Each structure stands twice: as C-alpha cells, then as structure tokens.
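Here is the structure we will look at.
The values are calculated or read from the model by the stated rules, or taken from the named source; none is laboratory data. Keep in mind that what you see is a predicted model, and the values were worked out from it rather than measured. Cβ: placed from backbone, ideal geometry, glycine included. Neighbour counts: every protein chain shown.
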Amino acid sequence: MTQAAEKSETLSLEQLTQNAEAEISSANTVDAIEAIRVNYLGKSGSITSQLKTLGTLPAEERKTFGAKVNEIKNAVTDLISAKKEQLESAALNVKLAKEYIDVTIPTATEKQGSIHPISQVIEEITEIFARLGFTVAEGPEIEDDHRNFTALNIPENHPARQMHDTFYIKSDDKDKKYVLRTHTSPVQIRTMEEYKKTGKLPPIKIIAPGRTFRCDSDQTHSPMFHQVEGLYIDKEVNMGMLKGCLQEFVETFFGVENLNMRFRASFFPFTEPSAEVDIGCSRKNGQIKIGEGTDWLEVLGCGMVHPNVLKMAGIDPTEYRGFAFGMGIERLAMLKYGINDLRQFFESDSRFLKHYSFGSIDIPKLSSGW
Ligand code: DAH
C-alpha cells in the first residue's frame, strides 16, 4: 500500500470512529444503541467489514492495519456497552419511579384484608408467654418418626401411636421414617438437642406454635390444625411453677381475673406426672361462658417432662427437670371468640373473616391493655 493509500485508510478508520462516537453519544434509547451496535459491529457492520478486508492486504500491512481496526473495534464495543448500561439503568429508574407505591398509605377500608382468627390467637398466646420469659422455637412440619414419637417416650408399637392417626410419608431412606408431625411436641426434642449440640446450658424456656396434622376430618377435627407447645427446663422446676404459669396464661388469654383452673390427673407418655387442665365455665342453652358457673372445660394438657425424654434428648435428668404443656389453637380460638364450627377456619369464606375481623395489622388484642 502506498503512503497516500495508507493515509486515506487511516482517515477513514478515524472517520468511522468519530462517527461511531458521535452516534453513540447522541443515542437515547436502548433500541437505538442496539441499532448502532449492529451497524458497526454486526455481521456486515462497517467495522466488521474493515476486518474482512484484512485478507486482501499484503502480509506486511495486515499486522498494523489489523491492530488498528481491532483497537477501534474494542473502543467502540466499550463505548456501546457503557452507554447501554447507562440507558438501561435510566430506563429502570423511570420504570421504578412510575411503579412506586407508598405502602404506608392506608387502603380503602373495603379493600383491607384482616387477620385470621388463628393468627390472631397465635399472636396473643405468644405475647402472653413472651411476657413470662418464653421465646419462640420452631420445627419442621415434616418430622422424623424418631422425634415425633420415639424420643417422646412413644416407642414402636406403643398404643399412643395408633391414637395419633399419623400421615406417613414415603421415603427411600430405610433407616428413617418421616411423618407429618402429629403434634408440636417434637420441637421440645429439637430444642433440647440444639442446646446439647451447641453446648448451651438450660434454662430452656420456649413455646412452639405451629401446624400439626392427623388423618381425621369431621365437625370437630381437621386434618391440619394448630398447636402451641411449651417447655421449661431448669434445675429447680416443679409442678407448682407449671400451675402458676398456666393460671397466668388462662386468666390473661380469656381476660378473666381469678379464673377457676384445676389440674386433673391424666396420662401422656412424655410427661410424668401428667395432667389435663380445666377452667371454670357455665353451660346454658348450648352456650359456654368462661369464668362463670360451676362446670369445667378442658383446655390443655401438661406435666413434668419424663426423665426418659430428657435423657433421649441429651439432658441429664439427675441435674435438670422440666415442665411441658401443649394446647390446640383452634379450640382456644373457638372458645374465646365464640366460633362453633371448626371447619369455618379453613373455608376461606371472606364473610367469616369479616365477621371475626381483627384489623389488617397483626397486633395482638391484648397489647393495648399492657
Ligand atoms: N402432644 C400432646 C397432644 O398432641 C399435647 C401435650 C400434652 C403436650 C401434654 C405436652 C404435654 O407438652 O405436656 O395431644
């Protein structure tokens, strides 16, 4: 190539670059920048075409010319991607500004949702026990057979297993069977195991609200229902403390001072001794009134944690003892709010929710008084 020819080639590359730079800088949409990319760098783009001419050049010119075109190609590619990024982020900002919603503006009342009575009652229970120093623990709804039964002193072939109407889960694991947890009691085991694993020492003071499952369905049973478990482990825990704690709970929950409450001897495999807790009520014309009359109403189960349970979860029963309790949330909700058919909880009928509406913000009713 002659000097003149080389000069004109250089000029045209320079011109090309200048044109590209000008176009890129004035592009103001992502589509426009994409069109520029295709024009310069696409299959038959003008920079690409320059590269294609390389083969026709004499060997000695190929190197310098090739290097120059590549340099331009890289520079233009960088400019395009920087501009593209800038345009995309500007487009995103416009979109975000357009879609901005102030979630703090109250909705029209007719559009507001409301808290389901079950959630409301879980909040209330949690709040009461939080005041008494309990924290909330959780466990999985798919639980292993060991923690749901064996570790709770319900060995294989124990009659209590049949009473639980368990949903078993198919599993390839031969050594481990899984169930939908039939109660929240396995959270006791999980919590104690966690303490053991991490070397943390009692006191353990937890409640565990959550879903539970049994293969049973009629007016008073739902295959999915809710329970709250309670567990308190320390060196000096006794039945009197259990009774005091539950007395405080039932009085606050039902809003009745000096509510009559009694322990009735019972049996649970994981507690010894065990008791069912009744509260005083009246029954007139099919209506239950809590805190009145001379009748009794069962509300929960409890007892002193069985030494076998402590042992199986890695806690030394000669050093520590504990109390535990468990209650059905639907039952408590029905009693407190006068709901008489369990199935209503799960029908998602908005009239039911409206009727027992608790407002759209999850604040327990009890808070206001405290
Ligand atoms: N897990 C029992 C049930 O589902 C309820 C229960 C009773 C839990 C006594 C406890 C307890 O922790 O001490 O019927």
Identify, from the list 281, 302, the residue that is in contact with a Leu (Cβ under 8 Å, 6 or more places away or on another chain), within 16 Å of residue 231 (Cα to Cα), at pLDDT 95 or above and part of a strand (DSSP E or B). 302
Out of everything in the range 343-359 that is at pLDDT below 90 and within 24 Å of residue 252 (Cβ to Cβ), what residue ends up being surrounded by the fewest Cβ atoms within 10 Å (Cβ to Cβ)? 359
Of residues in the range 304-350 being within 16 Å of the ligand (Cβ to nearest atom) and of a type in the set (Gly, Ala, Ser), the one farthest from residue 275 (Cα to Cα): 313
Which is part of a helix (DSSP H, G or I) and outside the structural domain of residue 41 (by TED's automatic domain parsing), of 118, 80, 105? 118
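Tell me yes or no: at least one residue of the range 144-164 is in contact (Cβ under 8 Å) with a residue 60 or more places away in the chain and under 25 Å from the mean Cα position of the chain (by Cα). Break it down into steps so the answer makes sense when it comes.
So in the range 144-164, the residues in contact (Cβ under 8 Å) with a residue 60 or more places away in the chain come out as 150-154, 158, 160.
Checking which are under 25 Å from the mean Cα position of the chain (by Cα) leaves us with none.
No, that holds for no residue.
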Near pairs, Cβ below 8 angstrom, 6+ apart or cross-chain, from the range 266-278 (free of Cβ contacts under 8 Å to residues at least 24 places away in the same chain) to any residue that is more than 9 Å from the ligand (Cβ to nearest atom) and among the β-branched types (Val, Ile, Thr): 278/299
Which condition number in (1) closer than 27 Å to residue 261 by Cβ; (2) without any contact (Cβ under 8 Å) to a residue 40 or more places away in the chain; (3) not in a helix (DSSP H, G or I) is the one that residue 327 fails? (2)
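Considering only the range 167-213, state which residues are basic (Lys, Arg) and within 25 Å of residue 245 (Cβ to Cβ). Reasoning before the result, please.
If we filter the range 167-213 for residues that are basic (Lys, Arg), which is where we start, we get 170, 174, 176-177, 181, 190, 196-197, 200, 205, 211.
Answer for the range 167-213, where residues must be basic (Lys, Arg) and within 25 Å of residue 245 (Cβ to Cβ): 181, 190, 196, 200, 205, 211.
Could you check the range 157-185 and list, in sequence order, the residues that are within 16 Å of the ligand (Cβ to nearest atom) and not in a loop (DSSP other than H, G, I, E, B)?
Taking the range 157-185 and keeping what is within 16 Å of the ligand (Cβ to nearest atom), we get 158-167, 179-185.
159, 160, 161, 162, 163, 179, 180, listed by residue number.
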Flagged pairs (Cβ under 6 angstrom, 6 or more apart or on separate chains; first in the range 113-139, crowded, with 19+ Cβ neighbours inside 10 Å; second in a loop (DSSP other than H, G, I, E, B) and aromatic (Phe, Trp, Tyr)) are 115/358; 117/356; 120/358
Can you work out which of the residues in the range 220-234 that are modelled with pLDDT of 95 or more and among the β-branched types (Val, Ile, Thr) is farthest from the chain's Cα centre (by Cα)? 233
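If you go through the range 211-236 one residue at a time, how many are buried (at least 21 other Cβ atoms within 10 Å of the Cβ) and either away from the ligand (no atom under 16 Å from the Cβ) or farther than 15 Å from residue 277 by Cβ (or both)? First the steps, then the outcome.
Restricting attention to the range 211-236, the residues satisfying the condition of being buried (at least 21 other Cβ atoms within 10 Å of the Cβ) are 212-213, 226-233.
Those still in the list that are either away from the ligand (no atom under 16 Å from the Cβ) or farther than 15 Å from residue 277 by Cβ (or both) too: 212-213, 226, 231-233.
Residues in the range 211-236 being buried (at least 21 other Cβ atoms within 10 Å of the Cβ) and either away from the ligand (no atom under 16 Å from the Cβ) or farther than 15 Å from residue 277 by Cβ (or both): 6 in total.
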Could you check residue 188 against (1) assigned to a helix (DSSP H, G or I); (2) among the polar types (S, T, N, Q); (3) surrounded by fewer than 14 Cβ atoms within 10 Å (Cβ to Cβ) and say which number it fails? (3)
